[in-house]
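Since every read-out is calculated from the coordinates, none of them should be taken as a lab result. Computed from a predicted model, the values in this text were never measured in an experiment. Neighbour counts are summed over all protein chains in view; Cβ atoms, including those assigned to glycine, are modelled from backbone coordinates with ideal geometry.
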Amino acid sequence: MRAGEVDELASIVTRSGVREWWGPLEDDEHTREGLVNDGTAFSIEIDGALAGWLGYNEETDPDHRYASLDIFLAPEYQNQRLGPAALRLAAEWLFGERGHHRLTIDPACDNVRAIRAYAAVGFRPVGAMRRYERGADGRWHDNLLMDLLREELQGDGQAPR
């Protein structure tokens, strides 16, 4: 991410279509820290415009090595297959450059659009994590754990590679 993008991304998080899937936003500094994600985040740009955010975390223990992902797009960039495209790029980098064999992502169980987008990349449901995360309404909700093995990464609707 470039300097100054965190504030714009924090503004995107407050918008309908993103807000309901992000946690409580009572603390602006906490939101900004989450977006910086200890430096393990990318901004998503479309034709030079800031369109969203993709964060990742890595488990580097050689016996459990994997990465987890999180993503959001501004409402005007949703429903255009841009999320799966960004996730494919990140997955190729995490598999190829960072040496991971497995990736995880954990959308809210009610976020059907996200689950469908992640499945298009090759992520598969593993199981529900009950009362996993506080939602924008402050209540705990369930999330779906999904994972993707290197050999399951799918291209733009093509067969697995």
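A few comments on the model shown:
- Neighbour counts of C-beta atoms inside 10 Å place Ser11, Ser68 in the sequence Ser11, Ser68, starting with the fewest.
- Helix-only arithmetic for the chain: the sum of -39500 (n - 2.57) across DSSP H runs with n ≥ 4, divided by the residue total, places the mean residue ellipticity at 222 nm at -8000 deg cm²/dmol.
- Rounded if a/c under 1.5, otherwise prolate or oblate - the range 5-152, Cα gyration tensor axes: rounded
- Neighbour-count order for Trp93, Trp140, Trp53, Trp21, fewest beta carbons within 10 angstrom listed first: Trp140, Trp93, Trp21, Trp53
- With both labels modelled 7 Å from their Cα along Cα-to-Cβ, the Asn79 to Thr40 distance reads 3.4 nm.
- Computed from point charges on the beta carbon alone (+1 for Lys and Arg, -1 for Asp and Glu), the dipole magnitude for the range 5-152 about its Cα centre is near 700 Debye.
- Split the chain at each of the GluC sites (Glu not before Pro) in a DSSP loop with at most 16 other beta carbon atoms within 10 Å, and the longest piece is 27-96.
- The Cα atoms of the range 84-161 define a convex hull whose projected area, averaged across directions, is 5.3 nm².
- When the charge dipole of the chain is built from unit charges on Cβ atoms (+1 for Lys and Arg, -1 for Asp and Glu) and taken about the Cα centre, the candidate among Gly155, Ala91, Met129 whose Cα reaches farthest toward its positive end is Gly155.
- Kyte-Doolittle mean at least 0.5 and Cα axial length at least 20 Å: DSSP H helices in the chain: 82-96
- Mean sequence separation of contacting Cα pairs (under 8 Å, at least six apart), scaled by the length of the range 5-152, corresponds to a relative contact order of 22 percent.
- Put in line by how crowded their Cβ is, counting other Cβ atoms within 10 Å and starting with the fewest, Tyr66, Tyr56, Tyr132 read Tyr132, Tyr66, Tyr56.
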